[in-house]
Amino acid sequence: MMNREDFRTYGHELVDWMADYLENVASYPVKSQVKPGEIAAQLPSSAPQAPESMTEILEDFNKIIMPGITHWQSPNFFAYFNANNSYPSILAEMLTATLGAQCMIWDTSPAAAELEERVLDWLKSAMGLPTEFEGVIQDTASSATLCAILSARERATNFQVNRSGMNDNRFRVYASTQTHSSIDKAVKIAGLGQENLVKVGVDEHFAMRPEALAKKIQEDKEKGFKPLCVVATLGTTGTTAVDPLAELSAICRDHGVWLHVDAAFGGTALLLPEYHWMIKGIETVDSFVFNPHKWMFTNFDCSVYYVRDAQHLIRTFEILPEYLKTSTRGQVNDYRDWGIALGRRFRALKLWFVIRSYGITGLQQRIRNHLDYAAWLESQIETHSDFEVMASRAFNLVCFRFHPQGEDHPETLNELNASLLSHLNETGRVYLTHTKLHGAYVLRMAIGQTYLEKTHVEQAWEAIQKTAKNLDQHPEEKATGDRP
């Protein structure tokens with residue numbers, strides 16, 4: 001079994017491994033090339049009875065585990081949204097693991113609670129959010145959205161559902177057809193029923209249409225339903241569309257509806273003053289979430305959740321058994337009352353390291369670089385005769401498809417682009433994902449990895465063109481997706 005000196009030796013070895021990995025991560029196949037079951041087949045069916053050496057464990061890590069890793073920190077990773085880390089974030093995470101603090105209340109680590117409060121105040125100021133907002137770090141935006149819907153439910157019932165259960169389930173939640181699936185999940189978990197999630201139509205930019213929302217709310221009220229919560233999105237998953245917050249705020253204010261803003265991805269752009277147009281109308285928003293673990297170079301998990309009235313959040317979640325009573329209660333923030341989980345990690349430490357290491361200007365420059373690279377790629381696609389942009393670009397996500405001249409059949413184009421994506425990802429050189437817009441199969445390229453340079457975007461664009469050209473030269477392969 002490992003002793004203190006072994007820990008020191010292997011600790012140094014692993015730090016060297018981590019530094020080498022991040023230096024050379026672009027050389028790995030960005031998407032794992034293993035087949036289903038291949039990793040499990042190499043693992044024993046039962047746990048070892050006797051201790052094994054760390055040398056053996058690390059050998060198996062490199063031999064068995066690493067081939068099954070998709071390399072999210074690769075500058076060739078353009079799929080989904082980024083889940084970034086950075087050197088300072090990793091170092092802070094090492095300290096967090098070493099301290100092993102369970103930061104459920106102020107008394108269990110005062111520094112964790114007070115650092116969390118201060119760092120979230122820094123971000124609130126840097127992002128132009130209302131001064132009365134109070135923040136807490138959740139694990140993910142999914143949890144934060146669930147917190148918002150539960151808080152809305154309790155406010156609307158004067159906290160009676162928490163006491164006596166759901167007796168009148170006629171509440172309605174509203175979100176656009178482009179909203180994240182976590183909204184569907186939150187509505188189910190909150191006991192409202194998925195049938196009471198009303199999807200609102202979008203405009204030509206895939207943003208929620210305010211007049212459609214107002215109409216659905218009015219129709220529901222006339223039918224005896226109770227509009228409870230609207231979820232607006234700043235950066236939808238499919239296309240990064242931005243819902244018109246000012247108009248939605250006015251509608252929610254008129255009807256007394258809780259307004260939650262899901263800015264999980266796009267919120268980081270608020271560090272740039274030129275993106276503050278997105279939050280016009282935020283003065284009456286009830287809750288707001290964004291994920292530093294997506295585009296702010298802070299490793300997963302770290303989701304920042306702000307509320308206008310913290311008492312609604314606290315009254316929804318607080319519970320006080322005898323063993324959690326302390327003499328400091330009421331003088332400090334006990335963040336276990338601000339969310340679902342009692343146990344809490346020291347997430348604020350890595351956020352503090354990142355903000356201090358980059359500074360606000362350093363974060364802004366890196367974000368602007370990503371926006372510039374995306375604008376460059378968009379211009380290349382727009383001027384190419386065989387490709388087309390498929391959605392307005394709000395941030396650093398480019399949605400496009402291969403559309404060779406003379407080929408206009410919708411299903412053939414879908415098959416062609418599905419095959420293009422498959423061929424690209426199988427090479428291991430890049431990793432992209434897709435969405436569907438109005439039935440069209442569309443490729444998504446998210447340009448936001450921490451150490452990304454423009455050359456990586458240029459190389460990816462070259463690979464896309466070359467692969468598409470080869471597909472076009474072999475039309476018999478369009479439907480099958482077989483490799484040339």
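Derivation of every value follows stated rules applied to the coordinates shown; laboratory data play no part. Bear in mind that the values here come from a model prediction, so they are computed numbers and not experimental data. Cβ placement follows ideal geometry from the backbone for every residue including glycine, while neighbour counts extend to all protein chains displayed.
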> Can you give me the Cα centroid spacing of the range 172-215 and the range 104-119 in angstrom?
Replying inline: 35
> Check Phe171: other-chain or 5+ apart residues with amide H under 5 Å from its amide H, H built from backbone geometry?
Replying inline: Lys226
> Summing +1 for each Lys or Arg and -1 for each Asp or Glu, what net charge is found among the other residues whose Cβ lies under 14 Å from the Cβ of Thr96?
Replying inline: 0
> Projected onto the charge dipole of the range 101-345 (+1 at Lys/Arg Cβ, -1 at Asp/Glu Cβ, origin at the Cα centre), which of Leu123, Ala186, Ser327 gives the Cα projection farthest towards the positive end?
Replying inline: Ala186
> Expressed in nm to one decimal, what extension gain is obtained for the pair Glu204 and Leu43 from 0.36 nm per residue of sequence separation less their Cα-Cα distance?
Replying inline: 52.9 nm
> So for the chain: antiparallel DSSP bridges make up what percent, rounded to the nearest 5?
Replying inline: 55
> Looking at the P(r) of the range 101-345, how many percent of alpha-carbon pairs lie beyond 29 Å?
Replying inline: 27
> Once Lys and Arg get +1 and Asp and Glu get -1 on their Cβ, which of Ala263, Ile314, Ser287 lies farthest toward the positive end of the dipole of the range 101-345?
Replying inline: Ile314
> When DSSP assigns beta bridges and you keep just the ones with both residues in the range 101-345, what percent turn out antiparallel, to the nearest 5?
Replying inline: 40
> Each label point is 7 Å from the Cα along the Cα-to-Cβ direction; what then is the distance between the points at Val34 and Arg253, in nm?
Replying inline: 5.4
> If you take the charge dipole of the chain about its Cα centre, with +1 on Lys and Arg Cβ and -1 on Asp and Glu Cβ, which of Val15, Cys103, Leu432 is farthest toward its positive end?
Replying inline: Cys103
> So for the pair Lys280, Ser422, with labels modelled 7 Å out along Cα→Cβ, what separation do we get in nm?
Replying inline: 4.6
>> I want the local charge near Ser74. Using Cβ-Cβ distances under 15 Å, sum +1 for each Lys or Arg and -1 for each Asp or Glu among the other residues.
In response: -1
> Order of 434-444, 2-12 by packing, highest average Cβ count within 10 Å first?
Replying inline: 434-444, 2-12
> Which of (i) 142; (ii) 164; (iii) 181 is the computed volume of the Cα convex hull per residue in Å³ for the structure on display?
Replying inline: (iii)
> Residues of the range 226-265 with amide nitrogen under 17 Å from the 7 Å Cα-to-Cβ point of Tyr80?
Replying inline: 236-240, 264-265
>> How much length would be gained if the chain were fully extended between Ser357 and Met66, taking 0.36 nm per residue of separation minus their Cα-Cα distance, in nm to one decimal?
In response: 101.8 nm
> Summing Lys, Arg as +1 and Asp, Glu as -1, what charge do residues with Cβ under 11 Å from the Cβ of Asn84 carry, Asn84 excluded?
Replying inline: +2
> Counting DSSP beta bridges in the range 163-242, what percent are antiparallel, to the nearest 5?
Replying inline: 20
> Could you state the number of Å between the C-alpha centres of the range 276-300 and the range 22-72?
Replying inline: 36
>> Ratio of alpha-carbon Rg to the 2.2 N^0.38 Å globular estimate for the range 372-443, to two decimals, please.
In response: 1.08
> What lysines could a cross-link reach from Lys199, if we take a straight Cα to Cα line under 24 Å and drop same-chain neighbours fewer than 8 places away?
Replying inline: Lys185, Lys188, Lys215, Lys216, Lys221, Lys223, Lys226, Lys280, Lys436
